[in-house]
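The values are calculated or read from the model by the stated rules, or taken from the named source; none is laboratory data. If you're wondering where the values come from, they're calculated on a predicted model, not measured in any experiment. With ideal geometry, Cβ positions are generated from the backbone for all residues, glycine too; neighbour counts draw on all protein chains shown. The protein model used for the area step is the full one, side chains on, heavy atoms only, and it has no ligands, DNA or RNA in it. Shrake-Rupley method; radii C 1.70, N 1.55, O 1.52, S 1.80 Å.
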Amino acid sequence: MALRTAGSVLVVFIWSVAVVLGQNGWSVTYTTQSICTLKGSSVEMSCSYTYPSGYMVTTTFWFTKYDAEGNPVSLLDDPDYYGRLTYHRDKKNSHTLRITDLRESDSATYKFSFITDQTGGKYTGDPGVTLSVTGLLVKVTPAAEGQKTLTCSTTCTLTDNPTYIWYKNGQRLDEPTSQQHSSNTLVVLGHSADSYSCTVEHHEALHSPAVYAPKNTSVSVTPSGEIVEGSSVTLTCSSDANPPVDKYTWYKKNVNSPKASGQSYSITNIISEDRGEYYCEAENTIASMNSTTLKIIIAGKQTSVLTAAVGIIVVVLVLILCLSGFMWFRRSTGGSDATTDTQSVRPDCNSDTYTGLNMRTMSPDYDTLASVHPDPTSDPNSDIYTPLNMKTRSPEYDTLANVRGPSH
């Protein structure tokens, strides 16, 4: 019994040793554990791996993510890497991952994993490779008076300690006696209208965005059109600059103090004193630039449309009434240009004056007189006039005669 027990303990011990030795036989060794490289470039990550004898590797892959069940997802199955990924495996249990056209979103920790032909025979190597992808950015800081220091900046320290290259207005600064083309800093004039960018050697196509002082600075006004008293307008300053303008200042020509700050300037309830020329100053960390002036011309206070319409209608009505009155007057006067002196003008039997004076006073005898002798200027003492009328005229006719005046 004791011998049997001792034998069982020996078997358990041997099995335990085999497990420990087996676990120690699994490993992944990475060539480097940290890489910082440029956006748009390519990168390679390599490793070597081991596993116990008696196993055969069937699958190898790199990953950065796990699925919902906690299983690693091969980069070959990740759509974010489609068309940009290459695996290379050799017979010495080495494996290389190559990623092209790097994006900042590719920044992650990459791990290598392999699976063997036996159940549970799989292994993932820690800690993996930390990849950081960065772009190039020129930062501007004050230097000596009238100067600025430009720094070719990255979010991480580039792994291969590259040589920096500077460009001025798109042309490479290549001065062998100066170290400026190999440094990540450059000193320039603060009021310069030139543009500057940087890159690193062997990646010349991957330029940083160029930095430059404000240019093409201009002012626009809304609403457009005639500006009248009592209205409001907004002036807006636009400028092309990198770094972007962080300061706008508004001025009125021939006025020393600034009117306002900010990209927009509003003038409300405009009065005649607001007329004049306005301009803005755009400033970034490199320099500043003034816009051309915008002239504001203010018209008189605007009359409402309703008031104007009523005024027009009144004028038209007055003209119509005047014209109608004039036409009526012309018809009523018969177009005569004679004077109103009743002593020198022969009365018109059809006129209002004549009729008004005589329609009620003349007798039927006068009708006979008028028919025989229609001319009222005839001498009443004539032979024709007297025999016909002296006996027949009525007292009313005397009144008529008095109105007519003395005979000639």
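At-a-glance table
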{"read-out": "Rounded accessible area per residue of segment 170-239, 1.4 Å, Å²", "value": "54 Å²"}
{"read-out": "Segment 71-152 - accessible surface per residue (Å², probe 1.4 Å)", "value": "55 Å²"}
{"read-out": "Theoretical FRET efficiency, 1/(1+(r/R0)^6), r = Cβ-Cβ of Lys295 and Thr124, R0 56 Å, to 0.05", "value": "0.20"}
{"read-out": "Order of exposure, largest accessible area first, which applies to Leu150, Leu85, Leu319 with probe 1.4 Å", "value": "Leu319, Leu85, Leu150"}
{"read-out": "Spin-label model distance (nm) - Lys139 vs Thr59, 7 Å beyond Cα toward Cβ", "value": "4.5 nm"}
{"read-out": "Summed residue charge, Cβ within 14 Å of Pro209's Cβ, Lys/Arg positive, Asp/Glu negative", "value": "+1"}
{"read-out": "Rounded percent of accessible protein surface that carbon and sulfur make up, segment 34-82, 1.4 Å probe", "value": "49 percent"}
{"read-out": "Accessible area (Å², 1.4 Å probe, nearest 10) - Leu317", "value": "100 Å²"}
{"read-out": "Placed amide H near Tyr248: partners under 5 Å, 5+ positions off or other chain", "value": "Gly262"}
{"read-out": "Accessible area of Glu69 in the full protein assembly, 1.4 Å probe (Å², nearest 10)", "value": "140 Å²"}
{"read-out": "Residues with amide H under 5 Å from that of Lys122, placed H, sequence gap 5 or more", "value": "Thr116"}
{"read-out": "Exposure rank, largest accessible area first [Leu321, Leu235, Leu294; 1.4 Å]", "value": "Leu321, Leu294, Leu235"}
{"read-out": "Tyr248 accessible area, 1.4 Å probe, all protein chains in place, Å² to nearest 10", "value": "30 Å²"}
{"read-out": "Distance between segment 221-258 and segment 19-79 - C-alpha centres, whole angstrom", "value": "60 Å"}
{"read-out": "With every protein chain in place, segment 192-258: carbon and sulfur % of accessible area (1.4 Å)", "value": "47 percent"}
